[in-house]
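Each value in this text was obtained by applying a stated rule to the coordinates, not by laboratory testing. Bear in mind the structure is a predicted one, so any value in this text is a computation, not a measurement. Note: ideal-geometry Cβ built from the backbone for every residue, glycine included; neighbour counts use all protein chains shown.
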């Protein structure tokens, strides 16, 4: 299921007999990473504790059904798929008519896998300084490239700059009219250091590095 969508648990409680159950209670333990949204009025808890539902009397052969809705926006940590396992347990609080003859069927689990299907969005890319004015002394200029990304699941997505390009050829002579050489000195990552070397006889010109 896509993370961020609501997950609805449908709980169906049946008394298989032979005795009636006078005070039926369901305890539903929600999986980690989900947020409680809604349940019937006979249910309490859910925000940070199990959902407890008091169903009252359930005669032999009778069935009650209800739903619990949770949100999954925070289920996938850092975008990794998450296995969401819900545990529901039913019990008869007061056994006036006799004990449960088959308590082995009083618990059940339901599993769903939440997957992050929405790719992060690059909302802004900037470089400072945005314009480099080369100088004849081959000055090294530090350019800081900043990327802003947003993600529907991860509040702090990891960004990676794959390349930095220039409007002048790297390691080569630029346009004839400018006659500047541009160099991109790359270490293990970014920020990058860009250097502009003036060819003898060339006039000064501003260059723009784009990331």
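Calculate, for residue 23 and residue 1, the FRET efficiency according to 1/(1 + (r/R0)^6) with r their C-beta to C-beta distance and R0 30 Å; round to the nearest 0.05.
Values: r = 35 Å, r/R0 = 1.16.
With R0 = 30 Å, the Cβ-Cβ based efficiency is 0.30.
Most exposed first by the Cβ proxy, i.e. fewest other Cβ within 10 Å, how do 160, 37 rank?
Numbers: 160 8, 37 13.
With the fewest neighbours first, 160, 37 line up as 160, 37.
Taking 41 Å as R0, compute the FRET efficiency from the Cβ-Cβ separation of residue 8 and residue 147 and round it to 0.05. Let's see the in-between values first.
Details: r = 37 Å, r/R0 = 0.91.
It comes out at approximately 0.65.
At 7 Å along the Cα-to-beta-carbon direction for both residue 107 and residue 60, put a label point, then send me their distance in nm to one decimal.
Roughly 2.7 nm, to one decimal.
For 27, 122, which order do you get if you count the other beta carbons within 10 Å of each Cβ and list the fewest first?
So the ranking, lowest neighbour count to highest, is 122, 27.
Does anything in the range 22-36 have its amide N under 12 Å from the 7 Å Cα→Cβ label point of residue 93, and if so which residues?
22-27
How do 12, 25 rank when sorted from fewest to most other Cβ atoms within 10 Å of their own Cβ? Please report the intermediate quantities before stating the final value.
Numbers: 12 10, 25 18.
The order, fewest Cβ neighbours first, is 12, 25.
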